[in-house]
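What follows is one structure encoded as structure tokens, with my remarks underneath.
The values are calculated or read from the model by the stated rules, or taken from the named source; none is laboratory data. None of the values given here were measured: they were computed from a predicted structure. Note that each Cβ is placed from the backbone with ideal geometry, even for glycine, and that neighbours are counted across all protein chains shown. To get the accessible areas, we keep the full protein, side chains included, count just its heavy atoms, and leave off ligands, DNA and RNA. Shrake-Rupley method; radii C 1.70, N 1.55, O 1.52, S 1.80 Å.
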Amino acid sequence: MSSDFTESELEAYVDESLDATRAAEIERALQTDRELLRRLSFINGRRDAGVHSLGEIWRQNQVGVPTREKIIAWIRDELPAEEADYLRFRVEILKCRFTAALLDDVRESCEGSETPTTLQRRKKILDASQRLLKPKKRRQ
């Protein structure tokens, strides 16, 4: 039902920044709910006219997404309690896809867990770089 979704959720859906579970719920509802489709069309029309909500501006500019350094400090349990609570809120309650992706990236790089695919890709890049950087022999 159209009223099950807030304007903020629909704006996040249009921005593709809504968590995957809730986005899937909207997509299922769109199959039968014409009012929901109308609401999304209104949001798109408003954006096309250049009118944006504060929430949209925050999402588009990723305001509040922590820096890589903050995420690393959080993982190491080096942040003050308030900041740690805020990051936990962004990941667990807001389900911010940008913060979650950054957290996953930092965890992967901190753990040093490189998959065979990653190592293979790095080797290809290194080999290609070496070929490109080799001095070419001159013809005399």
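When Gln62 is tested against (1) of a type outside the set (A, V, I, L, M, F, W, C); (2) surrounded by 16 or more Cβ atoms within 10 Å (Cβ to Cβ); (3) at pLDDT below 85, just one condition goes unmet, and that condition is (2).
All told, Ser41 falls short of being at pLDDT below 90, over 15 Å from the mean Cα position of the chain (by Cα) and at negative phi. Taking (1) closer than 12 Å to Glu11 by Cα; (2) surrounded by 11 or more Cβ atoms within 10 Å (Cβ to Cβ) in turn, Leu54 satisfies each apart from (2). Within the stretch 1-22, which residues are in a loop (DSSP other than H, G, I, E, B) and either at pLDDT below 85 or surrounded by fewer than 17 Cβ atoms within 10 Å (Cβ to Cβ) (or both)? Answer for the stretch 1-22, where residues must be in a loop (DSSP other than H, G, I, E, B) and either at pLDDT below 85 or surrounded by fewer than 17 Cβ atoms within 10 Å (Cβ to Cβ) (or both): Met1, Thr6, Asp15, Glu16, Ser17, Asp19. Going by what's in this entry, would Leu87 be described as touching a helix residue (DSSP H, G or I) at 6+ places or on another chain (Cβ under 9 Å), crowded, with 16+ Cβ neighbours inside 10 Å and within 25 Å of Tyr13 (Cα to Cα)? Judged against the criteria, Leu87 is a match. Determine whether Arg28 is among the basic types (Lys, Arg), part of a helix (DSSP H, G or I), out of contact with any Leu (no Cβ under 8 Å at 6 or more places or on another chain) and open to solvent by 50 Å² or more (accessible area, probe 1.4 Å). So Arg28 fits the description; yes. All conditions but one from (1) in a loop (DSSP other than H, G, I, E, B); (2) under 18 Å from Thr6 (Cβ atoms) apply to Glu35; the one that does not is (1).
Restricting the first residue to the stretch 99-111 and requiring it to be of a type outside the set (Asp, Glu), which pairs with a second residue that is open to solvent by 60 Å² or more (accessible area, probe 1.4 Å) meet a Cβ separation below 7 Å and a spacing of at least six or different chains? The qualifying pairs are Leu102/Arg68; Val106/Arg68; Val106/Ile75; Arg107/Ile75; Cys110/Ile75.
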